[in-house]
Amino acid sequence: QVQLVESGGGLVQTGGSLRLSCAASGRTFSTSAMGWFRQAPGKEREFVAAISGSGGSTDYADSVNGRFTISRDNAKNTAYLQMNSLKLEDTAVYFCAATTSWYGLSRLRQYDAWGQGTQVTVSS
(Lines give C-alpha, C1' and ligand atoms only; values in the text may rest on other atoms or scores of the structure.)
Protein backbone atom coordinates (compact mmCIF):
# COMPACT_ATOMS: atom_id res chain seq x y z
CA GLN A 1 0.00 0.00 0.00
CA VAL A 2 3.01 2.30 0.07
CA GLN A 3 3.28 4.82 -2.76
CA LEU A 4 6.75 5.69 -4.05
CA VAL A 5 8.11 8.69 -5.95
CA GLU A 6 11.71 8.84 -7.19
CA SER A 7 13.67 12.01 -7.73
CA GLY A 8 17.25 13.15 -8.27
CA GLY A 9 17.96 11.78 -11.71
CA GLY A 10 19.70 13.83 -14.34
CA LEU A 11 22.63 14.14 -16.71
CA VAL A 12 26.15 13.74 -15.34
CA GLN A 13 29.62 13.11 -16.72
CA THR A 14 31.53 9.90 -16.21
CA GLY A 15 33.14 9.85 -12.78
CA GLY A 16 30.47 12.12 -11.36
CA SER A 17 27.88 11.49 -8.67
CA LEU A 18 24.12 11.59 -8.21
CA ARG A 19 21.91 11.02 -5.20
CA LEU A 20 18.52 9.49 -5.88
CA SER A 21 15.68 9.78 -3.41
CA CYS A 22 12.57 7.66 -3.01
CA ALA A 23 9.83 9.33 -1.02
CA ALA A 24 7.21 6.98 0.40
CA SER A 25 3.70 7.66 1.56
CA GLY A 26 1.68 5.28 3.65
CA ARG A 27 2.16 3.83 7.08
CA THR A 28 4.02 0.64 6.20
CA PHE A 29 7.36 2.14 5.16
CA SER A 30 9.32 1.16 8.25
CA THR A 31 8.39 -2.51 7.84
CA SER A 32 9.16 -2.59 4.12
CA ALA A 33 12.43 -3.64 2.58
CA MET A 34 13.43 -1.28 -0.22
CA GLY A 35 15.13 -2.00 -3.50
CA TRP A 36 16.58 -0.02 -6.37
CA PHE A 37 16.38 -1.42 -9.89
CA ARG A 38 17.32 0.00 -13.26
CA GLN A 39 16.37 -0.57 -16.86
CA ALA A 40 18.40 0.50 -19.87
CA PRO A 41 16.92 0.66 -23.38
CA GLY A 42 16.52 -2.82 -24.84
CA LYS A 43 17.46 -4.54 -21.58
CA GLU A 44 15.60 -6.28 -18.79
CA ARG A 45 15.06 -4.49 -15.52
CA GLU A 46 17.96 -5.42 -13.24
CA PHE A 47 18.67 -5.37 -9.54
CA VAL A 48 20.90 -2.60 -8.22
CA ALA A 49 20.65 -2.55 -4.41
CA ALA A 50 18.36 -3.45 -1.52
CA ILE A 51 18.06 -2.59 2.15
CA SER A 52 16.11 -4.24 4.93
CA GLY A 53 13.28 -2.48 6.73
CA SER A 54 15.46 -1.61 9.71
CA GLY A 55 18.40 -0.62 7.53
CA GLY A 56 20.56 -3.27 9.14
CA SER A 57 21.22 -5.29 6.01
CA THR A 58 22.13 -4.25 2.47
CA ASP A 59 22.87 -6.00 -0.79
CA TYR A 60 24.37 -4.77 -4.06
CA ALA A 61 24.74 -5.96 -7.60
CA ASP A 62 28.34 -6.75 -8.50
CA SER A 63 28.26 -4.04 -11.16
CA VAL A 64 27.70 -1.27 -8.61
CA ASN A 65 29.30 -2.68 -5.47
CA GLY A 66 31.80 -0.22 -4.05
CA ARG A 67 30.39 2.69 -6.04
CA PHE A 68 26.74 2.89 -4.93
CA THR A 69 25.34 3.10 -1.41
CA ILE A 70 21.73 2.44 -0.44
CA SER A 71 20.37 3.96 2.74
CA ARG A 72 17.09 4.90 4.36
CA ASP A 73 15.69 7.33 6.87
CA ASN A 74 12.54 5.82 8.29
CA ALA A 75 11.72 8.98 10.21
CA LYS A 76 11.48 10.77 6.85
CA ASN A 77 9.91 7.85 4.97
CA THR A 78 12.68 8.12 2.40
CA ALA A 79 15.19 5.76 0.81
CA TYR A 80 18.30 6.90 -1.02
CA LEU A 81 20.78 5.68 -3.58
CA GLN A 82 24.10 7.49 -3.59
CA MET A 83 25.83 6.85 -6.91
CA ASN A 84 29.53 7.66 -7.22
CA SER A 85 32.11 7.08 -9.93
CA LEU A 86 29.39 6.86 -12.53
CA LYS A 87 30.05 5.00 -15.75
CA LEU A 88 28.41 5.12 -19.16
CA GLU A 89 26.81 1.74 -18.50
CA ASP A 90 24.98 3.17 -15.49
CA THR A 91 22.68 5.04 -17.87
CA ALA A 92 19.15 3.78 -17.24
CA VAL A 93 15.79 4.57 -15.72
CA TYR A 94 16.09 3.91 -12.00
CA PHE A 95 13.13 2.59 -10.02
CA CYS A 96 12.61 2.18 -6.32
CA ALA A 97 10.40 -0.56 -4.96
CA ALA A 98 9.05 -1.80 -1.64
CA THR A 99 8.16 -5.20 -0.23
CA THR A 100 7.16 -6.65 3.13
CA SER A 101 9.31 -9.69 2.35
CA TRP A 102 12.70 -10.06 4.01
CA TYR A 103 14.15 -12.55 1.53
CA GLY A 104 14.94 -12.68 -2.17
CA LEU A 105 15.31 -8.92 -2.36
CA SER A 106 17.32 -9.01 -5.58
CA ARG A 107 14.32 -10.48 -7.41
CA LEU A 108 11.93 -7.94 -8.86
CA ARG A 109 9.01 -10.32 -8.41
CA GLN A 110 9.30 -9.89 -4.64
CA TYR A 111 8.22 -6.26 -4.84
CA ASP A 112 4.62 -5.14 -4.92
CA ALA A 113 5.02 -1.35 -4.93
CA TRP A 114 7.00 0.56 -7.54
CA GLY A 115 7.78 4.17 -8.31
CA GLN A 116 7.52 5.73 -11.75
CA GLY A 117 11.27 5.87 -12.26
CA THR A 118 13.82 8.62 -12.76
CA GLN A 119 16.22 8.92 -15.70
CA VAL A 120 19.96 8.81 -15.09
CA THR A 121 22.15 9.61 -18.09
CA VAL A 122 25.94 9.42 -17.92
CA SER A 123 27.94 11.08 -20.68
CA SER A 124 31.63 11.10 -21.55
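The values are calculated or read from the model by the stated rules, or taken from the named source; none is laboratory data. A quick note: this is a predicted structure, and the numbers were derived from the prediction, not measured. Positions of Cβ are backbone-derived with ideal geometry, glycine not excepted, and every protein chain shown enters the neighbour counts. To get the accessible areas, we keep the full protein, side chains included, count just its heavy atoms, and leave off ligands, DNA and RNA. Shrake-Rupley method; radii C 1.70, N 1.55, O 1.52, S 1.80 Å.
Of note:
- Calculated FRET value between Thr31 and Arg67, using beta carbons and R₀ = 35 Å, to 0.05: 0.75
- Converting phi to 3J(HN,Hα) with the Karplus coefficients 6.51, -1.76 and 1.60 and the offset θ = phi - 60°, the stretch 110-119 yields 6, 9, 10, 9, 9, x, 7, x, 9, 7 Hz in sequence order, with x at every glycine or proline.
- Values of log10 I(q)/I(0), in the order q = 0.12, 0.15, 0.23 Å⁻¹, for the chain under a Debye, Cα-only, solvent-free model: -0.38, -0.59, -1.40
- Solvent-accessible area per residue in the stretch 41-94 equals 52 Å², computed with a 1.4 angstrom probe and all protein chains kept.
- Residue-wise HN-Hα coupling along the stretch 43-51, computed from phi with Karplus coefficients 6.51, -1.76, 1.60 (Hz; x: Gly, Pro): 10, 6, 5, 10, 5, 10, 7, 9, 9
- Protein-only accessible surface at a 1.4 angstrom probe places the residues Glu89, Glu46, Glu6 in the order Glu89, Glu46, Glu6, largest first.
- Fraction of accessible area attributable to carbon and sulfur, the chain (%, probe 1.4 Å): 46 percent
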